[in-house]
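*Asks:* My questions will all concern the structure given below.
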């Protein structure tokens, strides 16, 4: 078993390698790794750094979905819990976007406590990425659509960490101020 600092550091390194060259939606052409760093940092802050496996899973939460990384590889390199958390946060990309979104809403209340925290941190980060200074009509529409859906997902994840719940509410409030 890796020490907590090595676990987080190696997860960050693998996330950077696997998402190299990918850009994030929103915020122009920001490197995708910034999203993963933000999610991991939200989780580290929410838990006061007490759960290295959760923070590592935050770094890696999109690796199965977006790259050729497998659950087995994550279990071998990190731990079964890290792999399980990442797998639990992975969308079935063979489904349409509408079906994936509906499945996230339906599945949220049944996720493990750690996966729920990752989902909330992910939605905080993605909401923030869509907040633009002086958004155009398309950006406003995307933001309104995203927060309406994210609010439904987060409703099924609340209660595990009051700070994350509040950070999500603050992000939605900031987004709605632009609509």
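*Asks:* Can you give the translational diffusion coefficient of the chain in µm²/s, computed by Stokes-Einstein from the Kirkwood radius over Cα pairs at 4 °C and 1.567 mPa s?
*Replies:* Stokes-Einstein gives a translational diffusion coefficient of 79 µm²/s.
*Asks:* For the range 115-179, state what percent of all Cα-Cα pairs lands in each successive 10 Å bin, counting from 0 Å until the bin that includes the largest distance.
*Replies:* The calculated distribution, bin by bin, is 24, 54, 20, 2.
*Asks:* Can you tell me the orientation of helix 4-18 relative to the chain, as the angle in degrees between its alpha-carbon axis and the longest Cα principal axis, to the nearest 10?
*Replies:* Tilt relative to the chain: about 60 degrees.
*Asks:* Would you work out the Kirkwood radius for the range 49-134? I mean one over the mean of 1/r across all pairs of different Cα atoms, in Å.
*Replies:* Radius from the Kirkwood sum: 13.7 Å.
*Asks:* Mind ranking 167-173, 131-137, 113-119, 32-38 by how tightly packed they are, going by the mean number of other C-beta atoms within 10 angstrom, highest first?
*Replies:* 113-119, 32-38, 167-173, 131-137
*Asks:* So for the pair residue 5, residue 177, with labels modelled 7 Å out along Cα→Cβ, what separation do we get in nm?
*Replies:* If labels sit at residue 5 and residue 177, their model points lie 3.8 nm apart.
*Asks:* Ok, one more. Please determine, in degrees from 0 to 90 and to the nearest 10, the orientation of helix 97-107 with respect to the longest principal axis defined by the Cα atoms of the chain, where the helix direction is its Cα long axis.
*Replies:* Taking the Cα atoms of the chain, the angle to 97-107 is about 70 degrees.
*Asks:* Give the separation of the Cα centroids, the range 128-145 to the range 9-88, in Å.
*Replies:* 25 Å
*Asks:* In nm, give the distance between the simple-model label positions of residue 169 and residue 97, each being 7 Å from the Cα along the Cα-to-Cβ direction.
*Replies:* 3.0 nm
*Asks:* Can I ask one more? Compute the length gained on full extension between residue 133 and residue 22: take 0.36 nm times their separation in residues and subtract their Cα-Cα distance, giving the result in nm to one decimal.
*Replies:* Here the answer is 37.6 nm.
*Asks:* While we're looking at this one, here's another question. Answer rounded, prolate or oblate for the range 6-91, using the Cα gyration tensor with square roots of eigenvalues a ≥ b ≥ c: rounded when a/c is under 1.5, else prolate when a/b is larger than b/c, else oblate. If you can, show how the numbers build up before the last one.
*Replies:* Numbers: a/c = 1.80, a/b = 1.20, b/c = 1.50.
Cα axes put the range 6-91 in the oblate bin.
Throughout, read-outs are computed from the coordinates displayed, never taken from laboratory work. A quick note: this is a predicted structure, and the numbers were derived from the prediction, not measured. Please note: Cβ atoms are built from the backbone with ideal geometry, for glycine as well, and neighbour counts cover all protein chains shown.
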